[in-house]
Amino acid sequence: MTEFIQQLINGISVGSIYALIALGYTMVYGIIKLINFAHGDVYMLGAFAGLYATLVLKMSFVPALLFSMIVCAILGIIIERLAYRPLRNAPKIVILITAIGVSFFLEYTTMYFLGPQPRAFPAIFKEVSYSFFGGKVTISNREITIVVVTIVLMILLQYIVHNTKIGKAMRAVSYDMQAARLMGINVDSTISATFALGSALAAAAGVLVGVYYNKVFPLMGIMFGLKAFVSAVLGGIGIIPGAMTGGLILGITEALVSGYGSSLYRDPVAFVILILILLVKPSGLFGKNVREKV
Amino acid sequence: MRKSFLTVIAVVLLSFLLLFTSACGNKSSTSDTIKIGANLELSGNVATLGQSGLNGVMLAVEEINAAGGVLGKKIEIVKYDNKSDNTEAASVATRLITQDKVVAIIGSMTSGNTLSYVNIAETNKVPVISPSATNPDVTVDPKTGKVREYIFRTCFIDPFQGTAMAKFVLNELKLKKAVVLKDNTAPYSVGLAKFFVEAFKNNGGEILADENYTSNDQDFRSVLTKIKGLNPEFIYVPGYYEQVGQIVKQARELGINVPMGGGDGWDSPKLVEIAGAAPLNNTFITNHYSSLMPDPKVQDFVKKYKEKYGSEPDAMAAVGYDTVLVLVDAIKRAGEATPEKIKEALKTTKDVEGVTAKISLDENHNAVKGLVILEYKDGKQTYKAYVNP
């Protein structure tokens, strides 16, 4: 039983990170029907921005987190402006291939400038572990931080989407881009805002992973990006609560698979879930709620 | 129709021509240098192994060239980065052999990368000498049981390393229940784990579980939680520093405080960076040498290395250095720097005075030499014991 609780803690920590990245996938898909495969690499750049903020600018955790989120928000806008906006009316497949191209571009440019070696993330705050059940279950303050930051950011996102003007515009554009434009909504800037928000969340995930695993490297976005994509599809792509739930379910499933099966099956299980969902319920777990997407 | 047919023929002819010229292109090699290839992990997930190895190689080459070279010629190292990737290592080997026309290849540091091009070297009849590929299959084909003619190494092999650690745990640490956590994607890790398990069981120990991970993994908490539930007294993690660093760190975070251990794949300054000094306490590794050994030969090497690179030489630097010594000794005895002659001479390598040991190669092309057991204390390696073969 104690082992099960520990596995749940492990799963929730990783799952929160998947959820944060998955939100970016889901928001961008919701608004322009694009699977932005470069999203995992924005997360990687977020981690490096966090590394730079702590090592060079000597920032503490929260400023570093904000710094990295701002950097990636700007980056997200630039990527959208340069790579996707010129193709706004091109066939979907063209934009998808462009996204893959952008992904490789970000990965290998980072590798060119920073080298392929992993960098150790500095210990931003002192680590404290709390033990329960006679040391059988431990939870560290970093795990708590991950979950707390994730929850705070998600509440913030829900607030932005439902209670602000830009959120209203995002919802309108996702319903019907043409109609929204006719109603006087600036579609381009709304899409930019969506990319900025999604990228900022991915950056936060990057910094959290840096703190949690204290290792960042240029190709770290590939696996986490794919897992986040699976989470988004699992919850129902285009649906914000779906991305959160999908991330948590995937994280916990993975933890239980490695804990009670074999860790070699962990990655295959994630992709089996993707295939099953696509076969059985392509719209995802929350898929009925089609009209509420962003 | 006719026109397009002609075009096709023209294209085919032209491509043959290009192939032919490129194949014969680099035929002439300057005769005043001896070209030796280096196929090393200069980037990628075991990059520090290759970089240290190269430092050792270059230090030795510089000394030999300064002393007049071999057979009146200077040695020239043609080095390429294999990115710690099997496919890349194979293509680098092909390039070294067919384009650069090297007389021998030094590398690679890991068993997996070396194994990816042993057949290429065999077919092209160019000797390969690895400083640190410890998997037995590197020099002996496991399918036929025959020794690979052109493949050599200047290090001990995994059965020795795995067995030495098993005995050390049982006899010195007096621990009887162990768990193995290995990198299922690295022949090195799988090999070490196998020999550790064998020796541990044969000498009265008990293996509680044999767990796996892959070199892409970042999160080991789930499998470590499972291991924690088994209450082992010792955890053997025969992987490479990058994952091992995270495993040790995450294990300590989960409250697993038992001793852990591994092989020479741990030996990297990055290990301490990733795992942290305190979590590494109470961990033990088997290694080729220690810069703390009192031997004057070792201390002399440490001094020279520090002067040139400004850091403590790790074991990979030492084996890289030794590999050049063994190769140059062979070239000297061969009297002629051709792949065939060098291979023949390597076979009879005897008592070459290296930094890590006095090196002789046995009938399986493996170095016969001892190993050291090191313990990490506050992020520093401390010398624990020397084990003879």
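The values are calculated or read from the model by the stated rules, or taken from the named source; none is laboratory data. Only a predicted model underlies this, so the values are computations on that prediction, with no experimental measurement involved. Positions of Cβ are generated from backbone atoms using ideal geometry, with glycine treated the same way; all protein chains shown enter the neighbour counts. These accessible areas exclude ligands, DNA and RNA; they are computed on the full protein's heavy atoms, side chains included. Shrake-Rupley method; radii C 1.70, N 1.55, O 1.52, S 1.80 Å.
Points to keep in mind about this one:
- Spatially, region A:168-193 and region B:80-158 are offset by 59 Å when compared through their Cα centroids.
- Partner chain coverage, peptide B:38-48 - average Cβ within 10 angstrom: 2
- Extension gain for A:Ile93-A:Phe271 works out to 61.9 nm (0.36 nm per residue, less the C-alpha to C-alpha distance).
- With Cα atoms, 0 to 90° folded angle of helix A:165-175 axis to chain A main axis: 70
- Sorting the segments B:230-241, A:3-14, A:78-89, B:339-350 by their residues' average number of neighbouring beta-carbon atoms within 10 angstrom, most packed first, yields B:230-241, A:3-14, B:339-350, A:78-89.
- If you wrap region A:218-290 in the convex hull of its Cα atoms and look at it from every side, the mean projected area works out to 5.0 nm².
- Legend: distances between Cα atoms for B:Lys201/B:Lys384; B:Lys74/B:Lys341; B:Lys201/B:Lys297; pairs beyond 26 Å are B:Lys201/B:Lys297.
- Between B:Ser360 and B:Glu122, the modelled labels are 2.7 nm apart [label points 7 Å from Cα along Cα→Cβ].
- Descending semi-axes in Å of chain B, equivalent ellipsoid built from Cα gyration tensor: 39, 26, 19
- Beta bridge orientation in chain B: antiparallel %, DSSP, nearest 5: 35
- Sequence-distant contacts, meaning Cα pairs under 8 Å at least 6 residues apart, place the relative contact order of chain A at 37 percent.
- Listed by chain and number, the aspartates and glutamates placed with their C-alpha closer than 14 angstrom to that of B:Lys380 are B:Asp267, B:Glu273, B:Glu312, B:Asp314; residues fewer than eight positions away on the same chain are left out.
- Calculated FRET efficiency for the pair A:Ile166/B:Thr338, C-beta based, R₀ 51 Å, to 0.05: 0.10
- Close amide-amide hydrogen proximity is noted between B:Phe152 and B:Val128, B:Ile129, B:Ser130, each under 5 Å apart and 5 or more residues distant or on a separate chain (H modeled in the peptide plane; Pro and chain starts excluded).
- Rounded FRET efficiency, nearest 0.05, which uses the C-beta distance separating B:Glu307 from B:Lys201 and R0 of 60 Å: 0.80
- The mean count of C-beta atoms from other chains within 10 Å of the C-beta of residues in B:223-235, rounded to a whole number, is 4.
- ³J(HN,Hα) computed for each position of region A:95-112 - Karplus, 6.51 cos²θ - 1.76 cosθ + 1.60, integer Hz, glycine/proline x: 5, 4, 5, 4, 4, 5, x, 4, 4, 4, 4, 5, 4, 7, 5, 4, 5, 5
- For a straight C-alpha distance cut-off of 23 angstrom, the lysines reachable from B:Lys194 (same-chain residues fewer than eight places away being disregarded) are B:Lys143, B:Lys146, B:Lys167, B:Lys174, B:Lys176, B:Lys177, B:Lys182, B:Lys226, B:Lys228, B:Lys369.
- Cα-only Debye scattering, region A:15-221: base-10 log of I(q)/I(0) at q = 0.08, 0.18, 0.19 Å⁻¹: -0.30, -1.22, -1.32
- Near B:Asp141, once Lys and Arg are set to +1 and Asp and Glu to -1 for all other residues with Cβ below 13 Å from its Cβ, the sum equals 0.
- Hits among lysines - C-alpha to C-alpha of A:Lys126 under 20 Å, sequence gap 8 or more where chains match: A:Lys58, A:Lys215, B:Lys249
- Residue-wise HN-Hα coupling along region B:47-60, computed from phi with Karplus coefficients 6.51, -1.76, 1.60 (Hz; x: Gly, Pro): 4, 5, 4, x, 5, 4, x, 5, 4, x, 4, 5, 4, 5
- Cα convex hull of region B:109-218 - mean projected area over all directions, nm²: 7.9
- 3J(HN,Hα) along region A:222-235, derived from phi through the Karplus expression 6.51 cos²θ - 1.76 cosθ + 1.60 where θ = phi - 60°, amounts to 5, 5, 5, x, 5, 5, 5, 4, 4, 4, 5, 5, 4, x Hz, with x in place of Gly and Pro.
- With DNA, RNA and ligands ignored, accessible area of A:Phe132 (1.4 Å probe; Å², nearest 10): 100
- The magnitude of the dipole of region A:15-221, with charges of +1 and -1 set on the Cβ of Lys/Arg and Asp/Glu and taken from the Cα centre, is near 200 debye.
- Cα-based convex hull, region B:174-273, per residue volume (Å³, whole number): 90
- The alpha carbons of the protein assembly as shown occupy a box of 87, 84, 47 Å along the principal axes, longest dimension given first.
- Degrees, to the nearest 10: B:187-202 long Cα axis against longest axis of chain B: 40
- Each eigenvalue of the Cα gyration tensor of region A:27-69, multiplied by 5 and square-rooted, gives one semi-axis; in descending order these are 28, 10, 5 Å.
- Relative to the Cα centre, the charge distribution of the protein assembly as shown, modelled as +1 at Lys and Arg Cβ and -1 at Asp and Glu Cβ, gives a dipole magnitude of about 1620 debye.
- The mean number of partner chain beta-carbon atoms within 10 angstrom of a residue's beta-carbon across peptide B:209-217 is 3.
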